[in-house]
Structures are given as C-alpha cells and as structure tokens.
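Student: Have a look at this one before I ask anything.
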Amino acid sequence: MSKPASPPLTAEAFAAACNVSRETLSRCETYLALLRRWQPHLNLVGPSTLSDPWRRHFLDSAQLLPLMPEGTRVVLDVGSGAGFPGLVLAILGVPEVHLVEADQRKVVFLREAARHTNTTVTVHARRLETLDPFPVDVVTARALAPLPRLLDWTAPFLEKGAEALFLKGEAVEEELTESGSAWMMRVDRFPSRTGSSGFVLRLGEVRRV
Ligand SMILES: C[S@@+](CC[C@H](N)C(=O)[O-])C[C@H]1O[C@@H](n2cnc3c(N)ncnc32)[C@H](O)[C@@H]1O
C-alpha cells in the first residue's frame, strides 16, 4: 500500500520545526504571498507544490541550515529560480548569500522578493559557468542538473574548499555512481526532512580525479 499523503504543513509548524522567530516567519509569509502573486505569470515553481509550500519549499530549504559547517558566512545558491533554497537561507540569517540565476524574469522576481522581505542578497543575473569564482563556504542547489554536471559547474568553488549541499531526488545513488570515476570527495547523505523520498547530499574536499 502506498504511504498516505501528509496534510499540508502549516506556517506555525514550519516555524516550530526550524526554530524560526515570529518576525522571520512574517518575512517568509511576505515572500510566499509574492510568489503566489507572480506564479500565474512566471510559473516560478511546480503549481502543485503550492498546496503545501511550507513543506515543499520552506522546510526543504531550511533543512540545509543545520548541515552547514560551523561559522558558515557565505553561501552561493546556483540556479535559484524563485529563490529556493537560497533566499530562504538568507531570510533565516545566513550573513552573505549569492543567488545565481540565468532567467532574467526570475532575476526580477528574486530582486523584488529580497526587497519586499528586507533581505540583503546579491543576485547574479547570468549563467553559473560565466561567474568568476570567489571564496564561499557552501554551495547549494536544488533541481538544477544531474550531479556530474552540477559538479562540473560548481568545481571552481568546491575545489577551493567550499562544501556542497545539494537537494537530490531518490536517484541519488545512481548520480553518485556516475560521478565516481571523475571526482574524489567526502559524501554524506541525509534523508529529506520533508518526508519526500529525496536526500540532502553533503559533499566536501571535492577534487577532480
Ligand atoms: C528547475 S529550476 C529550480 C529553481 C530552484 N532552485 C528551485 O528548486 O525551486 C532551475 C533554475 O536554474 C536556472 N538555470 C539553469 N541553468 C543555469 C545555469 N547554468 N546558471 C544559472 N542558472 C541556471 C533556470 O533558469 C531555472 O530557474
């Protein structure tokens, strides 16, 4: 028998699960309201995910925070789209967040969402492959590319010592196997806290073989 679907996570349950203050939750609510307003025009996220946004987007993003190395200051989120996970991490207090997004219309949304939520982020309106590397502590990505391509694209940052936190689906083992011949790295997997069949993949000491 298949697992019954969980009821949608409430904003309050998200806040309790992630230890989010009332003020921070209110900024997340502002972000979600803007996302709902822009969604019909830009199709920013899968439409069905908006029936459970606190689980599918906010908890999915926020679960990365406790997996970051202590003292993390700078996060680079690649292929940010509507801002998941990067903008949520900035709202939750990561001091310096860089969002990389190639689609100019999504870039406009990201800048508006940052303005409406009073969040300081740097939005790089370009393809990741054209971004000159700079020191970052953590690289994040969700739904951008299969692992081998993701590693190629983010290597300039990871080979300088950054850790990766990639949100991955259930095919994570196949993706790791495909990457294995080209990369040496420390790998940790964490089952998604959203209850999906996905994983957070944490990679460190990434080196090309
Ligand atoms: C499927 S969406 C995922 C967006 C977001 N991370 C999420 O999970 O909701 C992938 C995003 O990556 C952007 N993108 C794809 N290739 C890119 C690249 N090489 N550099 C920067 N952005 C890219 C696309 O424009 C799109 O917004």
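Student: List pairs: first residue in region 61-77 and over 21 Å from PHE199 (Cα atoms) and free of Cβ contacts under 8 Å to residues at least 60 places away in the same chain, second residue of a type in the set (D, E, K, R) and open to solvent by 20 Å² or more (accessible area, probe 1.4 Å) anywhere in the structure, Cβ distance under 7 angstrom, at least six positions apart or on different chains.
Tutor: The qualifying pairs do not exist here.
Student: Could I ask something else about it? Of the residues ALA182, ALA162, which single one is over 14 Å from the mean Cα position of the chain (by Cα) and closer than 24 Å to GLY83 by Cβ?
Tutor: Criteria check complete, one pass: ALA162.
Student: OK, next. Suppose we keep only residues that are farther than 17 Å from MET68 by Cβ and touching a strand residue (DSSP E or B) at 6+ places or on another chain (Cβ under 7 Å) within region 169-191. Which one would you say is most open to solvent (accessible area, probe 1.4 Å)?
Tutor: Among those residues, the one meeting the criterion is MET184.
Student: Determine which member of the set GLU112, GLU129 is near the ligand (Cβ under 9 Å from one of its atoms), more than 16 Å from LEU165 (Cα to Cα) and either modelled with pLDDT of 95 or more or not in a loop (DSSP other than H, G, I, E, B) (or both).
Tutor: It is GLU129.
Student: Can you tell me how many residues within region 11-32 are open to solvent by less than 70 Å² (accessible area, probe 1.4 Å) and not in a helix (DSSP H, G or I)? Explain how you work it out, then say what you get.
Tutor: First, pick out the residues of region 11-32 that are open to solvent by less than 70 Å² (accessible area, probe 1.4 Å): 11, 13-15, 17-18, 20-21, 24-32.
Still in the list and also not in a helix (DSSP H, G or I): 18, 20-21.
So the answer is 3.
Student: Another question, then. Take the residues in region 151-179 that are touching a residue at least 24 places away in the same chain (Cβ under 8 Å) and within 12 Å of the ligand (Cβ to nearest atom), then tell me which one is farthest from PRO191 (Cα to Cα).
Tutor: Result: TRP153.
Student: Against the conditions (1) assigned to a loop (DSSP other than H, G, I, E, B); (2) under 13 Å from the mean Cα position of the chain (by Cα), where does LEU99 fall short? Just the number, please.
Tutor: Of everything listed in (1) assigned to a loop (DSSP other than H, G, I, E, B); (2) under 13 Å from the mean Cα position of the chain (by Cα), LEU99 misses just condition (1).
Student: Just to check your reading of the model, which residue among GLY71, GLY93, GLY83 is at positive phi, part of a loop (DSSP other than H, G, I, E, B) and within 9 Å of the ligand (Cβ to nearest atom)?
Tutor: Numbers: GLY71 fails: within 9 Å of the ligand (Cβ to nearest atom); GLY93 fails: within 9 Å of the ligand (Cβ to nearest atom).
Unique residue meeting the criteria: GLY83.
The values are calculated or read from the model by the stated rules, or taken from the named source; none is laboratory data. Just so it is clear, the structure is predicted and the values come from calculations on it, not from any experiment. Positions of Cβ are backbone-derived with ideal geometry, glycine not excepted, and every protein chain shown enters the neighbour counts. Calculation scope for accessible area: heavy atoms of the full protein, side chains included, ligands and nucleic acids excluded. Shrake-Rupley method; radii C 1.70, N 1.55, O 1.52, S 1.80 Å.
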